[in-house]
Amino acid sequence: QLLFRGGDPVSQSLIAESARVLRRNRFFYDASIEVVRFENNVADIVVSARDNWTLMPEVSLSRGGGNTRYRYGLEEDNLLGTGSAVTISQGKDENRRSTDFLFSDTNLGRSWVSLDLRFRDSDDGQASRVRLVRPFFALGTKWSAGFDVFEDDREDLLFSRGEEVGRFRHDEDNAALWFG
């Protein structure tokens with residue numbers, strides 16, 4: 001995620017911006033970059049980062065109004081040290097049971113391309129999203145592009161005084177493509 005590689009010319013502003021890019025990651029508590037030696041137009045640079053614990057279990061259970069709600073799952077924001085985020089969860093409330101899967105990688109394959117995948121399977125429908133973006137990741141980035149596809153098909157119930165009085169279906173399909 002550094003904006004320079006070994007042998008590249010660097011400036012103090014490029015080093016500061018690289019440190020900012022590192023600190024935007026949720027899995028780093030802190031990140032810094034410093035030049036420890038500079039002679040003959042060659043710099044020795046030290047990158048330091050402190051990471052956070054990123055595996056988060058989720059468990060919730062509640063009961064109210066005669067309904068039981070629960071959700072359980074796992075969220076990992078730095079899968080095997082790659083910076084990829086994965087969430088898997090299942091839950092139930094008064095309207096539906098659902099299983100959710102999310103995958104996100106902001107530097108797909110060591111590139112500046114980010115991928116976001118989301119899928120939900122419920123007993124009343126499904127939803128999915130695929131988003132692929134190359135953002136303006138630094139001040140000198142000359143272009144950005146991406147696409148986003150979202151589909152949601154589900155059935156909602158309408159209640160009056162605790163009685164079901166109707167059902168209606170959501171069927172939503174969206175797609176976006178951009179370049180700048």
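Per residue, how many Å² of accessible area does region 50-138 show with a 1.4 Å probe?
63 Å²
How long are the semi-axes of the equivalent ellipsoid of region 1-79, taking √(5λ) for every eigenvalue λ of the Cα gyration tensor, in whole Å from largest down?
Taking √(5λ) for each Cα gyration eigenvalue gives 45, 10, 9 Å.
Assuming R0 = 45 Å, can you tell me the calculated FRET efficiency for the pair N67 and L132, based on Cβ-Cβ distance, to the nearest 0.05?
The computed FRET efficiency comes out at 0.70.
Just to confirm the filter: which chymotrypsin sites (Phe, Trp or Tyr not before Pro) across region 31-91 are DSSP coil and have at most 12 other Cβ within 10 angstrom of their Cβ?
Qualifying residues, ordered by number: W53.
With a point put 7 Å past each Cα toward its Cβ, work out how far L157 is from V42 in nm, to one decimal.
7.2 nm
So with the 1.4 Å probe, I'd like the accessible area per residue for region 1-43, rounded to whole Å².
72 Å²
Within the chain, what whole-number % of the accessible surface is contributed by carbon and sulfur, with the 1.4 Å probe and all protein chains included in the calculation?
52 percent
Based on Cβ point charges of +1 for Lys and Arg and -1 for Asp and Glu, what charge dipole magnitude is obtained for the chain about its Cα centre, in debye rounded to the nearest 20?
With Lys and Arg at +1 and Asp and Glu at -1, about 420 debye.
Would you work out if region 36-153 is rounded, prolate or oblate? Take a ≥ b ≥ c from the square roots of the eigenvalues of the alpha-carbon gyration tensor; rounded if a/c is under 1.5, else prolate when a/b is larger than b/c, oblate otherwise.
oblate
Helix 12-23 sits at what angle to the longest principal axis of the chain, using alpha carbons and giving 0 to 90 degrees rounded to 10?
30 degrees
Would you please name the trypsin sites (Lys or Arg not before Pro) within region 109-180 that are DSSP coil residues with at most 10 other C-beta atoms within 10 Å of their C-beta?
Within region 109-180, the qualifying trypsin sites (Lys or Arg not before Pro) (loop, at most 10 other Cβ atoms within 10 Å) are K142, R161.
Taking the Cβ-Cβ separation of A49 and D148 as r and a Förster radius of 35 Å, what is the calculated FRET efficiency to the nearest 0.05?
For A49 and D148, the calculated efficiency is 0.70.
Per 10 Å bin, what percent of the C-alpha pairs of region 86-144 does each bin hold, from zero upward?
That works out to 21, 36, 23, 15, 5, 0, in percent per bin.
Using 1/(1 + (r/R0)^6) with R0 = 30 angstrom and r between the beta carbons of E75 and V35, what's the FRET efficiency to the nearest 0.05?
For E75 and V35, the calculated efficiency is 0.25.
Calculate for the chain the 222 nm mean residue ellipticity that helices alone would give, adding -39,500 (n - 2.57) per DSSP H run of length 4 or more and normalising by residue count, nearest 500 deg cm²/dmol.
The helix contribution divided over the chain gives -2000 deg cm²/dmol.
Based on the alpha carbon coordinates of region 102-180, what radius of gyration and maximum Cα-Cα distance (Dmax) apply, in Å?
Cα-based Rg and Dmax for region 102-180 come out at 18.1, 59 Å.
The values are calculated or read from the model by the stated rules, or taken from the named source; none is laboratory data. This one's a predicted model, so the numbers in the text were calculated from it and none came from an experiment. Because the Cβ atoms are built from the backbone with ideal geometry, glycine has one as well, and the counts that use them run over all protein chains shown. Heavy atoms of the whole protein, side chains included, go into the accessibility calculation; ligands, DNA and RNA do not. Shrake-Rupley method; radii C 1.70, N 1.55, O 1.52, S 1.80 Å.
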